[in-house]
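The values are calculated or read from the model by the stated rules, or taken from the named source; none is laboratory data. Predicted model, so just to flag it, every value in this text is computed and none were measured. Here the Cβ positions follow ideal geometry from the backbone for every residue, glycine too, while neighbour counts run over all protein chains shown. Areas reflect the complete protein model, heavy atoms only, side chains present, ligands, DNA and RNA absent. Shrake-Rupley method; radii C 1.70, N 1.55, O 1.52, S 1.80 Å.
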Amino acid sequence: ERTLFARGARFFRHAARRLGDRLVGYYPYFAFELERMFRPEVAAALDLRRPLSWTESVLAGTEDASSLARVLHHNFETYLPYDLLIKADRSSMLHSLELRSPFLDTELVEIAARIPDGLKRRGPRMKWILKKAFEDLIPEPIQKRKKMGFGVPLAAWFRGDLRDYLLDHLGRGARCHEYLDERAISSLVDEHMAGRADHGQRIWLLLTLEIWLRAVAERREGVVA
């Protein structure tokens, strides 16, 4: 949900929460909606606060630091090793490449961790000191270019080319309905298809679960046969 309105709504929806809750609320997956997504008997057997508990454990001991420093620490301990770095490692090894991340040099990271917040960003300007350090080497258009992530247009794909595939996998008879509430999934998909919300990341998660459950079932059936 990248529109200005969606970002504003998300900000105010979680503004009064503690930092750990706000971080969980910003995840593009299921955070505070877990209870309604699971079947009641499954939800009763699970610790639905686990995502929040894990986030709080990562933030533990950083209470005296600034909010920016705590968020950066959280990203360093979670987003880097469990998302960005593992994607980079798998992609590079697939092509027999040895990848190095120079910005993760130990001494450089230690220096960066001691940099005051005011040098890391200036108002809306991100990575201020980094851009300042290389302003004589990097062309101005590149310095001012908006950040470009690695995301793919899931929202559009699920409403377009992957629509039938999605409906076939998450519709009636889906294996994930054994654990998840069928009506909740149907409502999520309907909202997305109607354009009332962007549930692309959540649908991707559900679709991945369904494909995995089918693969496990096929493997078991093959062993039995």
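Computed quantities for the displayed model
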| item | result |
| --- | --- |
| Top-ranked residue of segment 167-194 - restricted to ones that are open to solvent by 50 Å² or more (accessible area, probe 1.4 Å) and not in a helix (DSSP H, G or I), ranked as nearest to Val152 (Cα to Cα) | Ala194 |
| Residue match in segment 203-222 (condition: among the hydrophobic types (A, V, I, L, M, F, W, C) and not in a helix (DSSP H, G or I)) | no |
| Failed item in (1) more than 21 Å from Arg121 (Cα to Cα); (2) open to solvent by 80 Å² or more (accessible area, probe 1.4 Å); (3) free of Cβ contacts under 8 Å to residues at least 60 places away in the same chain; (4) touching a helix residue (DSSP H, G or I) at 6+ places or on another chain (Cβ under 9 Å), with Tyr27 passing the rest | (2) |
| Whichever residue in segment 89-139 is part of a helix (DSSP H, G or I) and among the basic types (Lys, Arg) and, among such residues, is most open to solvent (accessible area, probe 1.4 Å) | Arg90 |
| Test: residue in segment 56-69 that is surrounded by 15 or more Cβ atoms within 10 Å (Cβ to Cβ) and touching a Gly at 6+ places or on another chain (Cβ under 8 Å) | yes |
| Unmet criterion (only one of (1) closer than 21 Å to Ile185 by Cβ; (2) open to solvent by 80 Å² or more (accessible area, probe 1.4 Å); (3) in contact (Cβ under 8 Å) with a residue 24 or more places away in the chain) for Leu154 | (2) |
| Helices (runs of 4 or more DSSP H) contained entirely in segment 1-61, each with at least 3 residues that are of a type in the set (Phe, Trp, Tyr) | 4-14 |
| Pair list, Cβ < 6 Å and 6+ apart or interchain, from segment 32-47 residues that are open to solvent by 50 Å² or more (accessible area, probe 1.4 Å) to residues that are of a type in the set (A, V, I, L, M, F, W, C) | Glu35/Ala43; Glu35/Leu48; Arg36/Ala184 |
